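Laboratory data are not the source of any read-out in this text; all were calculated from the coordinates shown. Keep in mind that this is a model prediction, so the values were computed, not measured. Every residue, glycine as well, gets a Cβ built from its backbone with ideal geometry; the counts of neighbours run over all protein chains shown.
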Amino acid sequence: MILHGIRFTLKPGVTPQQLEEALESLRNHGRIPPVTSFVVGRDYGGDYEWGATWAIEDLDRYWEYLIHPAHLHTDRIGLPLIDKMTSFDITDDPDPDVGAKIAALHQRRYDNIPDIAELVSDLGEYKGSAAPGPHGN
């Protein structure tokens, strides 16, 4: 099992309507077939305002999740609203190379879907799975 998560803080000036549209989009990509459960909501006890996690059974399904149209839609409407974000993965997979395999899936997605890589690169701060990072970092 892989728990994929994000934590994020919005840019100043994001409207309540924009926020709700982005949160609902995060919920929608939690409902796609590769995801077995999810949580989207406020992030407490850290440096971020919002967070989400999605449970995914294995790497093959993780790839399906990363390239699913609902996930790409969320990226395209949500990433422009975010100032800083971190993504993370927690897994009980005993494979010592699973972290590198997860990072490779993210990199493959960035390589094959350049507008998503550009949106992530334009964030004020991004840490996480195969993060291309802000321009100049």
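The mean sequence separation of alpha-carbon pairs under 8 Å and at least six residues apart, normalised by the residue count of segment 2-127, gives a relative contact order of 34 percent. Just checking the listed ones, Gly51, Gly124, Gly78: in the Gaussian network model of the chain with Cα springs under 10 Å, the one fluctuating most is Gly124.
Report the FRET efficiency, 1/(1 + (r/R0)^6), for Asp92 and Leu23, where r is their Cβ-Cβ distance and R0 is 30 Å, rounded to 0.05. Can you show the working numbers first?
Details: r = 28 Å, r/R0 = 0.93.
Efficiency at R0 = 30 Å is approximately 0.60.
Tell me what the chain gives for mean residue ellipticity at 222 nm when only DSSP H runs of n ≥ 4 count, each as -39,500 (n - 2.57), the sum divided by the residue total, rounded to 500 deg cm²/dmol. The per-residue figure over the chain is -12500 deg cm²/dmol.
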